[in-house]
Amino acid sequence: MRTEEPRTIRLKDYRAPDFRISKIDLDFVLDPEATRVAATMKVRRTGNKSASLTLSGEQLKLLALRIDGKDLPENSYRTDAETLIVDSVPDEFVLDIFTEIAPASNTSLEGLYLSKGIFCTQCEAEGFRRMTYYLDRPDNLAVFTTRIEAGKTKYPVLLSNGNLVRSGELPEGRHFALWSDPFPKPCYLFALVAGDLGYIEDEFATMSGRKVALRIYVEHGNEPKALYAMDSLKRAMRWDEEKYGREYDLDIFMIVAVSAFNFGAMENKGLNIFNDKVLLASPETATDEDYARIEGVVAHEYFHNWTGDRITCRDWFQLSLKEGLTVFRDASFSADMRSAGVKRIEDVKFLRMRQFQEDAGPLAHPVQPQSYITIDNFYTATVYEKGAEVIGMLKTLVGNDGYRKATDLYFARHDGQAVTIEEWVKCFEDACGRDLGQFRLWYRQAGTPTVEAIGAYDAGTRKYALTLKQTVPPTPDQQEKRPMQIPVRLGLVGRSGGALPLTLEGENAIGPEERVLELTGAEQRFVFVDVEEEPLLSIGRRFSAPVHFNAPMAAADRAALMSRDGDPFNRWEAGQALATDVLLEMADTAKSGIAPRPDPIYVDAIADVLAHAAEDHAFAAEMLVPPSEGELALKMSPADPVAIHDARTALIRGIAEKHREPFEVLYRNLDSGDPFTPDAASAGRRRLRNVCLRYVSAEDTDASARIAEAHYRSATNMTDMIAGLAALSRMDWPERETAFTDFHDRFAGDPLVLDKWMGLQAGSPLPGTVAQVRALMKHPAFDMKNPNRVRALVGAFSANHLRFHEADGTGYALVGETLRDLDPINPQVAARMAAALENWRRYDDARQAQMRAELEWILKRPGLSTNLFEVATKMLG
Ligand SMILES: [Zn+2]
């Protein structure tokens, strides 16, 4: 909790610590109300001769302190709410610290806490200091041993990092386990789990032939639901060996699933802890999306073993060093496991919705932030997703071989170290012989650049001149921006459909059909020769840079690219751009009170998508979904939620009406009747069929309600059930109520499935949704102390663009109240959910005033956390 004006921490103030702790032995005697922690540390002075020893610690009861075995008198040290300071210590000594903590009353879910009777820890970023006083900073690497002692009946499983050394019985029904992790690590990678858990077990033979035991621990009864995660883990381990030459290093790798967790999952060395939402799956309870997410998150956390654990961050300003890189690695893995094109589309959609929005608002910050009040607030889409895009651009610039050479050098040079983003970039320069001076701006400059492309064709000379101009917008802390180095992948498409060779002026050989231009100046001109006809420009293929590619084009040309571009990503992109233009025009019409009609050029172009749907189901499904209301809001000023919703609904109905028969045929034919398998091809078929359902039930009629209900009733897996319910959630017909009640009763005992049920109701466009969400907050399954429940209901509601932005302000009030109630319980999650209010300036005056008022009330709350203080202040600033 905040007691005074919070302190800002700056990258430029970084200093190496004056002391190093190279070894720590921990002893936990577990008790929900009073856990005793004994820590024995080997400390050595490495800096200033006269410096006092300063360790971080929060919410600790200090019982005793010893140096080299001798009790320290109370006048030789001092503590405050955040630190322990010991003056005049020797240059080398053994420090014993005895503390007591209360895991049962820890609702912030940082440090050691209880989740449904299971002890577990979350130390990243600064949770370790809630167990003992320590150098809680990532640049102090130590070897850990951990002894855990607890009652055997309630806590038969005792886990920590590394390999199990010993375990045994103790008097009075107690037992212990001793774990040793030989790899030096920062304390944010420490983990402990104790509880009554079941597990599944498997084995992996590494590329050098070592056998590694694999275990996934879950609540009893959930063991079968961990099989897909185990399968994903083994595939990820093999993939990292093949693609990066990285082998696993301990004798055992463990994952534990817990119910109450602030993040998705955590990469603690050898003992990953997962939010059960991204680990448990069965066809009856998980959707295809859940399966894909589990595969991706299991891989992500496993990949951290090298990019995060073996090589870690020097300080938290380097967070993207491990996160951007590991997100890039897990995205490449998923692309290899599934459809690479569809994975790219999904990632770009997420980037635009979350990161572009962040980059354009009051919370904009560079991939490497320069300052923070609390680092918890910088686990952002910019650090993660834009950070991953930066790695992708590096790979584009140096090529596949150069990329592998650079990462090999990085692992060889920095294994066992805490390093900086600068050292990462240096490996690329050294391995590939390139100067990346300008490229480094991607880490330092916030804001999404715009690349404007103007092409001019001269039929006489058969030359096509392409002018590229870049602008980087000012952001709150940076008014002046320099031009960036932007890889622009492009192709030229002939009017009749074929790709045209890209030969630059001055080249002797005929060029390739796709190439990457490097835009480094504010404006550059590229001239292509021997261009047979006036081409269509296909720019930013596979989204080669996280920028707005802006190429003005006639609607007919966009429609042509939508069906003929050689790059599937850009076919989708052309469709989205065309749909956006059409929808924004419709929204303008809707604003003036006239029922909007869609431009036939987009509606007609859908015929071609339907005709080729069989070639790639998952891709066709993406092509058939117009930009979301949230995406459209980013392009309209001021954004009008009602007009946007009306326009999008009218477009979907227009498409449904025009192509009724092919949609019905596809919908029928895609129903294979085969038993469920989670593979990408089957998931793609289900996805397309469920998108077709959206169209065949588009009209607000009883017939539509019956189609949706029949879809729900006949579903044999969660994906199809949810699609049926989602369709019903948009309708005010009796079938809606019956199906929702049926679903509730069927899954009443499964909180993760009820989360979906709550989320669908919170996302409904029907009036009365605000009241419905308020009612659901009183449902027995809702729990303010469990982040999954809060995100499923209130998080889903704040993503409901129409109802969150209700004109009377009731949507804002609901979210504002929840944030104020949640903050004292879990400040990290409250601060992250506050992002709902981030874009308040994009709306009309009345809505602006209401959102601003919510933020002001938040700031007036007594005892407000630094987390929420930091984001709310910046949003208003
Ligand atoms: Zn991560």
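The values are calculated or read from the model by the stated rules, or taken from the named source; none is laboratory data. All values reported here derive from a predicted model rather than from experimental measurement. Every residue, glycine as well, gets a Cβ built from its backbone with ideal geometry; the counts of neighbours run over all protein chains shown. These accessible areas exclude ligands, DNA and RNA; they are computed on the full protein's heavy atoms, side chains included. Shrake-Rupley method; radii C 1.70, N 1.55, O 1.52, S 1.80 Å.
Quick notes
- Test: residue in the range 788-798 that is under 30 Å from LYS591 (Cα atoms), surrounded by fewer than 16 Cβ atoms within 10 Å (Cβ to Cβ) and not aromatic (Phe, Trp, Tyr): no
- Considering the range 403-460, the residues that are among the basic types (Lys, Arg) and open to solvent by 70 Å² or more (accessible area, probe 1.4 Å) include one that is nearest to GLN370 (Cα to Cα), namely ARG444.
- Members of the range 368-394 that are closer than 10 Å to LEU325 by Cα, more than 14 Å from the ligand (Cβ to nearest atom) and open to solvent by 10 Å² or more (accessible area, probe 1.4 Å): GLU389, GLY392
- Residues in the range 693-725 that are under 31 Å from the mean Cα position of the chain (by Cα) and without any contact (Cβ under 8 Å) to a residue 12 or more places away in the chain: ALA715 only.
- Out of LYS386, LYS395, LYS463, one residue alone is charged (D, E, K, R), closer than 23 Å to MET353 by Cβ and at pLDDT 95 or above. It is LYS386.
- Qualifying residue in the range 524-536 (condition: of a type in the set (A, V, I, L, M), within 30 Å of GLU385 (Cβ to Cβ) and out of contact with any Leu (no Cβ under 7 Å at 6 or more places or on another chain)): no
- Among the residues of the range 49-90, just one is open to solvent by 60 Å² or more (accessible area, probe 1.4 Å) and in contact with a helix residue (DSSP H, G or I) (Cβ under 6 Å, 6 or more places away or on another chain), namely GLN59.
- All told, ALA125 meets the bar of being touching a Phe, Trp or Tyr at 6+ places or on another chain (Cβ under 7 Å), among the aliphatic types (A, V, I, L, M) and within 24 Å of MET266 (Cβ to Cβ).
- Residues satisfying the stated conditions in the range 137-168, i.e. surrounded by 15 or more Cβ atoms within 10 Å (Cβ to Cβ), in contact with a Leu (Cβ under 7 Å, 6 or more places away or on another chain) and of a type in the set (D, E, K, R): ARG147, GLU149
- The number of residues in the range 302-320 that are within 13 Å of the ligand (Cβ to nearest atom) and either open to solvent by 10 Å² or more (accessible area, probe 1.4 Å) or outside any helix (DSSP H, G or I) (or both) comes to 8.
- Among the residues of the range 650-681, the one identified as more than 30 Å from MET337 (Cβ to Cβ) and in a loop (DSSP other than H, G, I, E, B) is HIS659.
- Some residue of the range 504-524 being outside any loop (DSSP other than H, G, I, E, B), in contact with a Gly (Cβ under 7 Å, 6 or more places away or on another chain) and within 29 Å of ASP359 (Cβ to Cβ): no
- Close pairs from the range 142-169: first free of Cβ contacts under 8 Å to residues at least 40 places away in the same chain, partner of a type in the set (Ser, Thr, Tyr) and open to solvent by less than 70 Å² (accessible area, probe 1.4 Å), Cβ under 7 Å, at least 6 apart: VAL165/SER180
- Summed over the range 18-44, the residues that are more than 30 Å from THR153 (Cβ to Cβ) and surrounded by fewer than 17 Cβ atoms within 10 Å (Cβ to Cβ) give a count of 5.
- Of all residues in the range 100-132, exactly one satisfies the criterion of being over 31 Å from the mean Cα position of the chain (by Cα) and crowded, with 22+ Cβ neighbours inside 10 Å, namely ILE101.
- Answer from GLU585, GLU615, GLU533 - the residue that is surrounded by fewer than 19 Cβ atoms within 10 Å (Cβ to Cβ), touching a Gly at 6+ places or on another chain (Cβ under 7 Å) and not small (Gly, Ala, Ser): GLU533
- Some residue of the range 433-446 being of a type in the set (S, T, N, Q), assigned to a loop (DSSP other than H, G, I, E, B) and within 16 Å of LYS322 (Cα to Cα): no
- Of the residues screened, LEU279 is one that is within 23 Å of PRO678 (Cα to Cα) and out of contact with any Leu (no Cβ under 6 Å at 6 or more places or on another chain).
- Matching option when the condition is more than 16 Å from the ligand (Cβ to nearest atom), surrounded by 19 or more Cβ atoms within 10 Å (Cβ to Cβ), among the basic types (Lys, Arg) and within 17 Å of the chain's Cα centre (by Cα), among ARG329, ARG352: ARG352
- Here is the figure for the range 714-743: residues that are closer than 14 Å to ASP671 by Cα and open to solvent by 60 Å² or more (accessible area, probe 1.4 Å) total 2.
- Check on PHE261, over 30 Å from THR107 (Cα atoms) and either open to solvent by less than 20 Å² (accessible area, probe 1.4 Å) or within 13 Å of the ligand (Cβ to nearest atom) (or both): no
- Of residues in the range 856-869 being assigned to a helix (DSSP H, G or I) and in contact (Cβ under 8 Å) with a residue 24 or more places away in the chain, the one most open to solvent (accessible area, probe 1.4 Å): TRP857
- Taken across the range 179-190, residues that are closer than 19 Å to PHE303 by Cβ and among the hydrophobic types (A, V, I, L, M, F, W, C) do occur, with at least one present.
- Candidate set: the range 264-297, residues that are under 18 Å from TRP757 (Cα atoms), in contact with a strand residue (DSSP E or B) (Cβ under 8 Å, 6 or more places away or on another chain) and open to solvent by 10 Å² or more (accessible area, probe 1.4 Å); chosen: the one nearest to the ligand (Cβ to nearest atom): ASP276
- Some residue of the range 335-347 being part of a helix (DSSP H, G or I), open to solvent by less than 10 Å² (accessible area, probe 1.4 Å), closer than 28 Å to HIS548 by Cβ and away from the ligand (no atom under 11 Å from the Cβ): yes
- Scanning the range 28-85 for residues that are over 30 Å from PRO6 (Cβ atoms), in a strand (DSSP E or B) and in contact (Cβ under 8 Å) with a residue 40 or more places away in the chain yields a count of 8.
- The one condition from (1) part of a helix (DSSP H, G or I); (2) touching a strand residue (DSSP E or B) at 6+ places or on another chain (Cβ under 6 Å); (3) surrounded by 22 or more Cβ atoms within 10 Å (Cβ to Cβ) that VAL193 does not meet is (1).
- Test result for ARG246, over 19 Å from ALA683 (Cβ atoms), open to solvent by 10 Å² or more (accessible area, probe 1.4 Å), more than 16 Å from the ligand (Cβ to nearest atom) and among the basic types (Lys, Arg): no
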